[in-house]
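The values are calculated or read from the model by the stated rules, or taken from the named source; none is laboratory data. What you see is a predicted model, and the numbers here were worked out from it, not measured in a lab. All Cβ positions, even for glycine, are placed from backbone atoms using ideal geometry, and neighbour counts span all protein chains on display. All accessible areas refer to the heavy atoms of the entire protein, side chains included, with ligands and DNA or RNA removed. Shrake-Rupley method; radii C 1.70, N 1.55, O 1.52, S 1.80 Å.
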Amino acid sequence: MATHYEYHGAWFIQWSENGKRKKEWIGRSDFVTEREAKLKAKAKEVELQTGKPIFSHVPTLSEFIPEYLSWHEREYPASFFRIDQLVRQHLEPAFGFLPMDYIKAKPVEDYKQNRREYGAKSATVTKELRTLKAMLNRALDWEVIQVMPLRRVSEPRNLDSK
């Protein structure tokens, strides 16, 4: 039997397999609802009963970054330094802990607003969002994720131009 629980602002599931107790991190409470955690626990129960996986492991953004940057360096060597810088300094700290299919529109909209409030220019935030979307599109092409979660997120309006 698999159960779900919240601990220090994050959801987990736990189960017993071959006499050993196991647990899995589902996500932070501000990104994952209790209903989603409960569904994940039920799916784990079905996996244990049938032996067939229900959900495949979706990597976090931090786990996907080395693979993406390696590809980007081979394909676009001229822009690699700047993309590497954007990903390491801004995107990974903000979204690195999230599984790639949990990067939703609301946290990205909050990110846009926070970056603008802390003095980042619209063009800079636009470049960061384009890079995040490019990473997710590449993950979609490589079948790491099944849907593009940010297709409705728009670029910030350029309020800096005169």
Please list, ordered by chain and number, the residues whose modelled amide H lies under 5 Å from the amide H of ILE26; skip anything fewer than 5 residues away on the same chain. TRP11, PHE12, ILE13
Along Cα→Cβ, 7 Å out, is where each label goes; now give me the distance between the ones at GLU24 and LYS38 in nm to one decimal. 1.9 nm
Whenever you get a sec, compute what percent of the accessible area on region 1-136 sits on carbon and sulfur atoms (1.4 Å probe). 51 percent
Spin-label point model (7 Å from Cα, Cβ direction): what's the PHE81 to TYR7 distance in nm? 4.5 nm
Correct choice for log10 I(q)/I(0) by the Debye sum over Cα atoms at q = 0.08, 0.11, 0.16 Å⁻¹ that was computed from the model, options (i) -0.30, -0.54, -0.98; (ii) -0.41, -0.57, -0.94; (iii) -0.20, -0.39, -0.87: (i)
Cα centroids of region 1-16 and region 33-66: how far apart, whole angstrom? 12 Å
With every protein chain left in place, what is the accessible area per residue of region 1-92 in square angstrom, probe 1.4 Å? 67 Å²
Can you give the angle from 0 to 90° between the axis of helix 34-50 and the longest principal axis of the chain, with both taken from C-alpha atoms, to the nearest 10? 50 degrees
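Can you give the relative contact order of the chain as a percent, counting alpha carbon pairs under 8 Å and 6+ residues apart?
Details: 166 pairs, mean separation 27.5, N = 162.
Across the chain, relative contact order equals 17 percent.
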Where chymotrypsin sites (Phe, Trp or Tyr not before Pro) fall in DSSP loop in region 82-132, at most 12 other Cβ within 10 Å: TYR118
